[in-house]
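The values are calculated or read from the model by the stated rules, or taken from the named source; none is laboratory data. All values derive from a computational prediction rather than experimental measurement. Note that each Cβ is placed from the backbone with ideal geometry, even for glycine, and that neighbours are counted across all protein chains shown. Ligands, DNA and RNA are excluded from the accessible area calculation, which covers all protein heavy atoms including side chains. Shrake-Rupley method; radii C 1.70, N 1.55, O 1.52, S 1.80 Å.
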Amino acid sequence: MLILHCPNCGVDADETELAPGGEAHLTREGPGSSDEEFEQYLFLRENPRGVHFERWRHAMGCGKWFHAARCTTTMEVFGTYPAQTSEPPQEIRDRISDRRPGWRWRELS
Amino acid sequence: MSEPVSALRGESYDGHIRVEEAGLRGMITVRGDLSSEAVARAVGEVSGVEVPGPNAANASDARGLCWMSPDELLLLVPHAEAGETLRRLSDALAGEHALVVDVSDARATFRLTGAPVREVLAKLTPADVSPGVFELGAFRRTRLAQVPAAIWMRDAQTAEVVCFRSVARYMFDLLATAARPGGEVGYF
Ligand SMILES: [Zn+2]
């Protein structure tokens, strides 16, 4: 069972209060993008074993979206951060480096 | 004129706590930038109470403000005053980027009374309702079993539950079942 801290209302929310929103930090390709870019946006996902970045919504709480960094094998949560960012904050990345030296996720490490 | 009635017409149940539908409440949803001075002033003037911080409510009797999310408040007034309050608030917020809607008839409210009121809530919600965390004036949106609801600690032995009117029957049965004699947990 996951417990994620909602950065919008400050509540430590049980997984059953949350709705998963899939992989984080996707670039939403639109008109003018190539077929490859559009395929990437629509279908291609990291699906990692280990460090992962996700979107979650505090659906049965304040209703707001946020991001979470966690490990898909151990369920360890490295941290949560606001939805209004296109990449994880340095502080979260540092915490992951402490716990998982040498981690990689897309172009991040 | 039609006569407004609450979802369960004040139905009640006496178990190891008392569960009763609290009747009609005037409820107005306010959305806007809560950090804006103009919005806070308008809402404060019309409600008569200060804008509460996160996960809290300020209220005296039937009037109050409940914090719903970083950009949403729930304004409580006596049911008969909802229409007039909505007009006053709309006027007070003229020119501001804000939204007000009368949701009085879309909600149901339940009052839970009795010393083990936390026990009953804890059976149904994943929220931490322990003393010291969920204190007097705490107002928290969460779920009760399968439906979204807000829980509110009014005093040491009284809590209120606000949910959608469409699930009022489900909520009442849920609370009454959790309050049945013999179901005391004695955790808190
Ligand atoms: Zn939240």
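Please determine, by comparing only the residues of segment B:29-54 that are open to solvent by less than 30 Å² (accessible area, probe 1.4 Å) and part of a loop (DSSP other than H, G, I, E, B), which one is farthest from the ligand (Cβ to nearest atom). So the residue we want is B:V49. Just for strands (runs of 3 or more DSSP E) wholly inside segment A:1-78: which have at least 3 residues that are within 14 Å of another protein chain (Cβ to nearest Cβ)? Those strands (runs of 3 or more DSSP E) span A:3-5, A:12-14.
Restricted to segment A:24-45, and to residues there that are surrounded by 13 or more Cβ atoms within 10 Å (Cβ to Cβ) and under 14 Å from the mean Cα position of the chain (by Cα), the residue that is farthest from the ligand (Cβ to nearest atom) is A:L26.
Of all the residues in segment B:88-106, those that are outside any strand (DSSP E or B) and surrounded by 13 or more Cβ atoms within 10 Å (Cβ to Cβ) number 9. Here B:A57 passes the criteria (1) part of a loop (DSSP other than H, G, I, E, B); (2) out of contact with any Asp or Glu (no Cβ under 8 Å at 6 or more places or on another chain); (3) within 14 Å of chain A (Cβ to nearest Cβ) except the one numbered (1).
Scanning segment B:4-28 for residues that are polar (S, T, N, Q) and surrounded by 16 or more Cβ atoms within 10 Å (Cβ to Cβ) turns up just one, B:S6. When A:G61, A:G21, A:G79, A:G10 are screened for being touching a residue at least 12 places away in the same chain (Cβ under 8 Å), within 13 Å of the ligand (Cβ to nearest atom) and of a type in the set (G, A, S), only A:G61 passes.
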